[in-house]
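Step one of this worksheet: look at the structure below.
The values are calculated or read from the model by the stated rules, or taken from the named source; none is laboratory data. Since this is a predicted model, take the numbers as computed values, not measurements. For neighbour counting, all protein chains shown are included, and Cβ atoms are generated from backbone atoms with ideal geometry for every residue, glycine included.
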Amino acid sequence: MNVNFAELSRQYGRFQQEYEEAAMRVLRSGWYILGKELEQFEKDYADFQGMKHCIGVGNGLDALRLALTALGIGKGDEVIVQTNTFIATALAITENGATPVFVEADSYFGLDVNAIERAITPKTKAIMAVHLYGQMCDMDPIMEIAKAHHLAVVEDCAQAHGATYKGRKAGTIGDAACFSFYPMKPIGAFGDAGAVVTNRDDVAEGVRMLRNYGSKIKYQHELVGINSRLDEIQAAILGVNLRHAGECTAERCAIAAKYCSGIQNPKIQLPAIRPECEHVFHVFPLLCEDRDALYAYLEANGIHAQIHYPIPCHLAPCYAELGYQKGDCPCSEQYAAKELSLPIYVGLTDEEITYIIDTLNRFE
Ligand SMILES: Cc1ncc(COP(=O)(O)O)c(C=O)c1O
């Protein structure tokens, strides 16, 4: 049997009529950028979040980057961020001319609360909490530390649409929350797309201007902005996926539950679920001492897994000049050496799930 890591065509097939209606509506409208579709999606996504503002942008990296700009973070500032994240989180900091201060992850793959205070200096301006794999960071202590030190908090929600922490949704706790709608994300577009969600009027206004050449009024450029707009076709497609987000997340969670009860191999460690949290399982991350052997074994059996992520940001060659060394964040380095993500997506069949479980249980 062959099981791919992702099969977006299955979700497409399930909601095909709605997607095609949405796309055709835009094509026929003659209006493709900054129109009614985006306005509607921004309203619907803000409602989904229970928040005041949603501003659509071109992708998740721009959401992070523009949120930091709107928060006034730039040259000479430091931003504390967990090292076990996709490089985009860090790039958003360096694109603003600020310096990332990489810290450890906790046992749930989130930002290690105990590492934050040690990393604070007079230059620290913000903390970025990445709700990695679909599970939220321990937000209460993070917010307490931020408050005590007057720091902004940016939630990187690129993998955690709909996840909750003590009943509160990802993206509703910090000063700004940044979403990616890259096609494979829990809510995805059919191309690049992203959004910033916030209750702060100043941040919303800043991002709204920055994404459109720094202007509120055409040809009046108040800020040095960029071009990063969520286009009308993607907004219309996202409207469909937002309507189905609950059922798609429930389907991934049901697969995760099958993995958790079915995988019984002492060589494989299942992901820990943080108490009082709802995971949305964008990724199903296993840990295994013999990760590379497990990866090769699964490949040989037609199961395509992935590694998220093989190199923690503090050791990424692009940040070599920051001077981090191997051993600086041992827990995150262990994750980079041991993590393996299983296929988990809408339309994965029971037969495929059983095959994956049985194959994993035979791994020696
Ligand atoms: C944690 C995290 N942050 C940011 C991003 C950037 O999103 P995008 O690919 O839409 O720019 C991603 C997406 O891959 C991500 O996983």
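In region 65-105, what residues are hydrophobic (A, V, I, L, M, F, W, C), within 10 Å of the ligand (Cβ to nearest atom) and under 21 Å from Cys331 (Cα atoms)?
Taking region 65-105 as the starting set, the residues that turn out to be hydrophobic (A, V, I, L, M, F, W, C) are 66-68, 70-71, 73, 79-81, 86-88, 90-93, 98, 101-103, 105.
Retained after the next criterion (residues that are within 10 Å of the ligand (Cβ to nearest atom)): 86-88, 90-92.
Hits for region 65-105 are Phe86, Ile87, Ala88, Ala90.
Residues that are within 12 Å of the ligand (Cβ to nearest atom) and in a loop (DSSP other than H, G, I, E, B) within region 188-197 comprise Gly188, Ala189, Gly191, Asp192, Ala193, listed in sequence order.
For region 346-353, the condition of being closer than 28 Å to Val113 by Cβ and surrounded by 15 or more Cβ atoms within 10 Å (Cβ to Cβ) holds for none of the residues.
If you check Ala336, Ala305, Ala250, Ala235 for being without any contact (Cβ under 8 Å) to a residue 12 or more places away in the chain and not β-branched (Val, Ile, Thr), only one passes: Ala250.
Filtering region 158-217 to residues that are among the aromatic types (Phe, Trp, Tyr), under 24 Å from Phe284 (Cβ atoms) and touching a strand residue (DSSP E or B) at 6+ places or on another chain (Cβ under 9 Å) leaves Tyr165, Phe179, Phe181, Tyr182.
Would you confirm whether any residue within region 126-137 is away from the ligand (no atom under 11 Å from the Cβ) and more than 21 Å from Thr198 (Cα to Cα)?
Taking region 126-137 as the starting set, the residues that turn out to be away from the ligand (no atom under 11 Å from the Cβ) are 126-127, 135-137.
Subsequent filtering for residues that are more than 21 Å from Thr198 (Cα to Cα) retains none.
No, every residue in region 126-137 fails to be away from the ligand (no atom under 11 Å from the Cβ) and more than 21 Å from Thr198 (Cα to Cα).
Every test in (1) under 30 Å from Ala337 (Cβ atoms); (2) surrounded by fewer than 18 Cβ atoms within 10 Å (Cβ to Cβ) is passed by Ala88 save one, and that test is (2). If you go through region 232-251 and keep only what is surrounded by 21 or more Cβ atoms within 10 Å (Cβ to Cβ) and not aliphatic (A, V, I, L, M), you end up with Glu232, Gln234, Asn241, Cys248, Thr249. Scanning region 179-199 for residues that are under 16 Å from Lys52 (Cβ atoms) and surrounded by 18 or more Cβ atoms within 10 Å (Cβ to Cβ) gives Phe179, Ala195, Val196, Val197, Thr198.
Tell me which residues, restricted to region 279-304, are over 15 Å from the mean Cα position of the chain (by Cα) and within 24 Å of Cys157 (Cβ to Cβ). Full working, then the answer.
So in region 279-304, the residues over 15 Å from the mean Cα position of the chain (by Cα) come out as 286-304.
Leu286, Leu287, listed by residue number.
Of the listed requirements (1) away from the ligand (no atom under 16 Å from the Cβ); (2) surrounded by 14 or more Cβ atoms within 10 Å (Cβ to Cβ); (3) hydrophobic (A, V, I, L, M, F, W, C), Leu61 misses just one: (1).
One line per residue, one yes/no per condition, for (1) over 16 Å from Ala245 (Cβ atoms); (2) near the ligand (Cβ under 9 Å from one of its atoms); (3) assigned to a strand (DSSP E or B); (4) at pLDDT 95 or above:
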site: Ile145; (1), (2), (3), (4): yes, no, no, yes
site: Glu155; (1), (2), (3), (4): yes, no, yes, yes
site: Gln159; (1), (2), (3), (4): no, yes, no, yes
site: Gly162; (1), (2), (3), (4): no, no, no, yes
site: Gly171; (1), (2), (3), (4): no, no, no, yes
site: Phe179; (1), (2), (3), (4): no, yes, yes, yes
site: Pro183; (1), (2), (3), (4): no, no, no, yes
site: Pro186; (1), (2), (3), (4): no, no, no, yes
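Filter region 317-364 down to the residues that are of a type in the set (A, V, I, L, M, F, W, C), within 19 Å of the chain's Cα centre (by Cα) and more than 15 Å from Val3 (Cβ to Cβ) and list them by number. Of everything in region 317-364, just one residue is of a type in the set (A, V, I, L, M, F, W, C), within 19 Å of the chain's Cα centre (by Cα) and more than 15 Å from Val3 (Cβ to Cβ), namely Ala336.
For Asp201, are the conditions met, namely being over 22 Å from Gly76 (Cβ atoms), more than 16 Å from the ligand (Cβ to nearest atom) and not aromatic (Phe, Trp, Tyr)? Don't jump to the end; show me each part of the working.
Numbers: over 22 Å from Gly76 (Cβ atoms): yes; more than 16 Å from the ligand (Cβ to nearest atom): yes; not aromatic (Phe, Trp, Tyr): yes.
Answer is yes for this residue.
Among the residues of region 17-57, those identified as β-branched (Val, Ile, Thr) and either in contact with a Gly (Cβ under 7 Å, 6 or more places away or on another chain) or buried (at least 20 other Cβ atoms within 10 Å of the Cβ) (or both) are Val26, Ile55, Val57.
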